[in-house]
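The values are calculated or read from the model by the stated rules, or taken from the named source; none is laboratory data. Note that the coordinates shown come from a computational prediction; the quantities given were computed from them, not determined experimentally. Please note: Cβ atoms are built from the backbone with ideal geometry, for glycine as well, and neighbour counts cover all protein chains shown.
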Amino acid sequence: MIECPRDAWQGLAKIIPTEAKVQYLLGLAAAGFKHIDAVSFVSPKHVPQMADSEDVMKGFLAGLPAGAKPPEIIGIVVNARGMERALATPGVSTLGYPYSISAYFRRANANMTRAESRMVVEQLRRTTKTSGHGLVIYISMAFGNPYEEPWGPEIVKETLVWLKDLGVRTVSLADTAGTATPAEVRALYEAVKDCAPEIELGVHLHSRPEGAAEKVLAAYDAGCRRFDGALTGLGGCPFAGDDLVGNIATETVVSALATRGADPGIRREDLAPVIAMTQEIRAKYAHEVSAK
């Protein structure tokens, strides 16, 4: 279970104070989360919400109880400059990179060609191997896109094989536009899961609230054991064309997995304090449905 406050926060209408972010991350750690997508190292001009990532991490490490083992902290990067910042930030243990298989989405969000984006992934793999950091690659638009571009499981397979050959060992399939049905989630996961068995293959799904549990179970039943979520579903999805489509609520993931007897290591009763903090952030800093 990977909790994703960075994803939930980055498009909110008002800037969340650094100390509020620090206390939230400490709340997640206290609730038992061992893997947190917490910060990103991107241009403040493009994502002003995440301009204080270094200060957030400094405060988080200082606030942990003495002797406590820090959770895995994922820091998202999109270029070499971001990678340098992430590597220089104590507490960031894993770097994450969104690799889009949609040319339109890649140009709109990173202004990169396919070759340029692949060069970033290759550099990340070399550098994290040397530094001892983890690396997770998110395959954006893995379940299709709304841009009428070519898409199919074979494109996802080719990408996974390429990543496997580079030595990447953690990949998350992202339903970036939130358009996949539960049947499509299961079909894609089943179609690609065996092409690179060396890779831990997870999902980062978006959904309307009423369809979220079905998508989680579709992935689980297909063999997925790595799930991203955001408490209360905070954080929307501007690519879906539907204000109700956004991050799947972590509490929904936990409840859905419980119906299969699966234990993500998070107890619902421990979530109440940090859910209350999430609702406070929503009330103070999200004047409208947020965008990822």
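Answer yes if at least one residue in region 39-56 is buried (at least 16 other Cβ atoms within 10 Å of the Cβ), under 24 Å from E269 (Cβ atoms) and modelled with pLDDT of 95 or more, and no otherwise. No. It is to be established whether one or more residues within region 206-214 are among the small types (G, A, S) and either modelled with pLDDT under 95 or exposed (fewer than 15 other Cβ atoms within 10 Å of the Cβ) (or both). The answer is yes, given that some residue of region 206-214 is among the small types (G, A, S) and either modelled with pLDDT under 95 or exposed (fewer than 15 other Cβ atoms within 10 Å of the Cβ) (or both). Restricting attention to region 79-95, the residues that are touching a residue at least 40 places away in the same chain (Cβ under 8 Å) and assigned to a loop (DSSP other than H, G, I, E, B) total 4.
Within region 254-271, residues that are under 22 Å from A29 (Cβ atoms) sit with their Cβ atoms under 6 Å from residues that are modelled with pLDDT of 95 or more and assigned to a loop (DSSP other than H, G, I, E, B), at 6+ positions apart or across chains, in these pairs: P264/M1; I266/M1; I266/G32; D270/A31; D270/G32; L271/A31. Selection within region 156-198: residues that are among the β-branched types (V, I, T) and assigned to a helix (DSSP H, G or I). The member of this set that is farthest from V216 (Cα to Cα) is V161. Pairs, please: C-beta under 9 Å, at least 6 apart or cross-chain, first residue more than 24 Å from L271 (Cα to Cα) and part of a helix (DSSP H, G or I) and in region 222-248, second at pLDDT below 95 and among the β-branched types (V, I, T)? Listed by first residue and then by second, the contacts come to nothing, as the list is empty.
For region 169-193, residues that are β-branched (V, I, T), within 25 Å of L124 (Cα to Cα) and surrounded by fewer than 23 Cβ atoms within 10 Å (Cβ to Cβ) total 1. The one condition from (1) out of contact with any Leu (no Cβ under 6 Å at 6 or more places or on another chain); (2) under 21 Å from A103 (Cβ atoms); (3) not in a helix (DSSP H, G or I) that I139 does not meet is (1).
For G11, the conditions (1) more than 19 Å from the chain's Cα centre (by Cα); (2) closer than 30 Å to N145 by Cβ; (3) at pLDDT below 95; (4) not aromatic (F, W, Y) are fulfilled apart from (1).
Take the conditions (1) under 27 Å from G75 (Cβ atoms); (2) out of contact with any Cys (no Cβ under 8 Å at 6 or more places or on another chain); (3) assigned to a helix (DSSP H, G or I); (4) touching a residue at least 12 places away in the same chain (Cβ under 8 Å); L217 misses just one of them, which is (1). So, in region 28-82, exactly how many residues are over 29 Å from E251 (Cβ atoms) and among the basic types (K, R)? Count: 3. Of all the listed residues (P70, P44), the sole one being part of a loop (DSSP other than H, G, I, E, B) and under 15 Å from T18 (Cβ atoms) is P44.
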